[in-house]
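The values are calculated or read from the model by the stated rules, or taken from the named source; none is laboratory data. Given the structure is predicted, the values throughout are model-derived calculations rather than measurements. Here Cβ is always computed from backbone atoms with ideal geometry, including for glycine, and neighbour counts include all displayed protein chains. Surface areas here come from the heavy atoms of the whole protein model, side chains and all, with no ligands, DNA or RNA. Shrake-Rupley method; radii C 1.70, N 1.55, O 1.52, S 1.80 Å.
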Amino acid sequence: MNEPTQPIIKLGVPKGSLEAATINLFERAGWKIRQHSRNYFPDINDPEIAASLCRAQEIGGYVAAGVLDAGITGLDWLCERGHDCQVERVADIVYSKSSNRSCRWVLAVAGDSSYQKSRDLQGKRIATELEDLTRRYFAGQGVDVDVFYSWGATEAKVVEGLADGIVEVTETGSTIRAHGLRVIAEVMVSFPVLIANKKAWQDMRKRTKIEQLNLLLQGALRAENLVALKMNAPTAQLDAILQMLPSLNSPTVAPLRDAQWLSVETVVQSAAVRDLIPLLRNAGAQGIIEYALNKVV
């Protein structure tokens with residue numbers, strides 16, 4: 001009887017705002033994470049990985065200490081907690097809770113205030129969850145401010161008169177504008193990063209597993225905005241059709257039983273398909289099939 005496979009790595013999966021997006025990304029990469037209520041140790045369909053759900057703010061510390069071999073956390077919290085130099089930054093994995101874009105920590109003030117630049121806030125009160133980086137930002141600007149921790153509802157602090165400005169994270173700026181605030185500076189750009197414990201990174205079994213994770217997660221992200229197109233093209237119109245088709249390398253062209261037709265397959269941006277298919281159809285292509293991609297490696 002075969003003994004059960006022992007996990008090669010202990011992996012930290014971010015809990016909270018990135019949780020759903022991260023689990024979805026892992027599923028597209030080939031790993032299904034199944035959560036249990038009131039349990040921080042979800043099942044994952046890979047016996048070589050033991051997963052733990054942790055706050056993104058904590059994952060950097062756990063990886064640095066060797067409690068976890070690897071994890072996904074935000075660059076912002078990695079730097080805020082001072083763990084950026086204590087771990088191996090394997091790769092940037094740019095996605096967010098609602099898109100494949102990075103987010104920004106911005107300095108915002110009341111929309112009707114006179115503040116235009118960070119230096120205008122000399123001696124003022126700034127509310128944020130990102131205390132250390134905010135202090136470093138203002139120190140770099142040569143501006144002395146009183147930075148205090150916000151336990152939530154940060155945008156409301158200015159409206160309530162509790163702060164003169166805030167440093168808050170945003171993807172689109174819509175929530176900040178909805179509170180009548182105005183962005184006057186960008187403090188930092190942040191996105192998820194895959195990190196590894198330095199000792200684990202030197203262990204070839206662990207490193208190989210972490211590199212496998214990175215390869216397939218990046219492949220799933222890359223495929224997010226791509227689709228495959230397959231069609232039959234008249235041999236006489238092949239050159240005209242190929243000129244319309246963008247591709248990662250070049251379209252695949254294969255002969256069919258009928259020498260007057262060829263099979264053409266390519267990968268394109270999904271946003272281009274609605275304009276591309278009518279053009280291909282008018283050029284003589286038939287049997288055009290569009291299908292989604294899980295990964296592009």
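Quick look at the numbers
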item: Qualifying residue in the stretch 16-37 (condition: among the acidic types (Asp, Glu), touching a residue at least 12 places away in the same chain (Cβ under 8 Å) and closer than 28 Å to residue 171 by Cβ); result: yes
item: Scan of the stretch 174-196 for residues that are in a strand (DSSP E or B) and of a type in the set (Val, Ile, Thr), ordered by number; result: 183, 184, 187, 189, 193, 195
item: Of all residues in the stretch 285-297 being under 26 Å from the mean Cα position of the chain (by Cα) and assigned to a loop (DSSP other than H, G, I, E, B), the one that is surrounded by the fewest Cβ atoms within 10 Å (Cβ to Cβ); result: 297
item: Selection count where residues are of a type outside the set (Val, Ile, Thr) and open to solvent by less than 30 Å² (accessible area, probe 1.4 Å), scope the stretch 20-56; result: 12
item: Among residues of the stretch 102-115, those that are among the charged types (D, E, K, R) and touching a Ser or Thr at 6+ places or on another chain (Cβ under 9 Å), counted; result: 1
item: Selected residue (criterion: nearest to the chain's Cα centre (by Cα)) from residues of the stretch 133-173 that are open to solvent by 60 Å² or more (accessible area, probe 1.4 Å) and closer than 21 Å to residue 103 by Cα; result: 172
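For every residue, the table says whether it meets (1) assigned by the TED database to the domain that holds residue 21; (2) touching a residue at least 40 places away in the same chain (Cβ under 8 Å); (3) among the aliphatic types (A, V, I, L, M); (4) closer than 30 Å to residue 7 by Cα.
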site: 196; (1), (2), (3), (4): yes, yes, yes, yes
site: 199; (1), (2), (3), (4): yes, yes, no, yes
site: 204; (1), (2), (3), (4): yes, no, yes, yes
site: 209; (1), (2), (3), (4): yes, yes, no, yes
site: 217; (1), (2), (3), (4): yes, yes, yes, yes
site: 229; (1), (2), (3), (4): no, yes, yes, no
site: 242; (1), (2), (3), (4): no, no, yes, no
site: 251; (1), (2), (3), (4): no, no, no, no
site: 259; (1), (2), (3), (4): no, no, yes, no
